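Below: the structure, in structure tokens.
Please treat every number below as a calculation from the coordinates, not as lab data. All values derive from a computational prediction rather than experimental measurement. Neighbour counts run over all protein chains shown; Cβ positions are idealised from the backbone, glycine included.
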Amino acid sequence: MTRPQDAAPDDPREEELARRARQGDPAACHALYERHFPAVWRLARRLGTPPMELEDVTQEVFAAAFGKLDRFGGGSFAHWIHRICANVVTDHHRRRRVREGFRRLFGAEPELEGAPGPESVAAAHEAERRVAQILARMRPRQREVFALFELAGLSGEEIAVRVGCPLGTVWTRLHHARRAFVRIGRKRGLLDPEAGA
């Protein structure tokens, strides 16, 4: 597929195109898309998006950008869409970590791409039920850090800000939370005896 050339970063027509797009002008939206597609595609790839997801991620970036045009306060549209792209890619990485975390714990995924079959849906529901039972028996601070890191995919730094504690405390709580998760899961027969070994 032939891709258009990158837009000039300081092109004075950018703000005018963004203004028209904000007013619902489809030609302006198309022009912004054509001008910025190559840079968004490359950035998503550089940020670690797998090749098979690049098209979907890029489309999601533009959908998010066009849905938030009322928040574009002028200046460089390229910089603005760059931030949106970074956020979308981060969200995809988090969702992938959630799926991988559930696979590691239970051999099931709570979010499956495409249309999952009945067995996959049942396995995902069972995995979620087991996780909920284990989490309910964990200490609140450990449960919070475990859920934010292992299930929501937040970084240690993001968790420290969210829960209002030093980063070192986050890692300590996470260490104890992982051990507690495995201990409780094994004791209640919710985890394979080899899990976490």
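A convex hull fitted around the alpha carbon atoms of the stretch 26-79 yields 83 Å³ per residue.
Modelled spin labels at residue 187 and residue 155, positioned 7 Å past Cα toward Cβ, are 3.5 nm from each other.
At full extension, residue 147 and residue 82 could sit 20.5 nm farther apart than now, given 0.36 nm per residue minus the alpha carbon distance. Rounded to the nearest 20 debye, the dipole size of the stretch 13-95 about its Cα centre is 240 debye, using +1 on the Cβ of Lys and Arg and -1 on the Cβ of Asp and Glu. Extension gain for residue 66-residue 95 works out to 8.2 nm (0.36 nm per residue, less the C-alpha to C-alpha distance). Think of the stretch 118-187 as a dipole: +1 on every Lys or Arg Cβ, -1 on every Asp or Glu Cβ, centred on the Cα centre; then among 153, 167, 118, 167 lies furthest on the positive end. As a calculated quantity, the FRET efficiency between residue 27 and residue 162 at R0 = 45 Å, using C-beta atoms, amounts to about 0.60.
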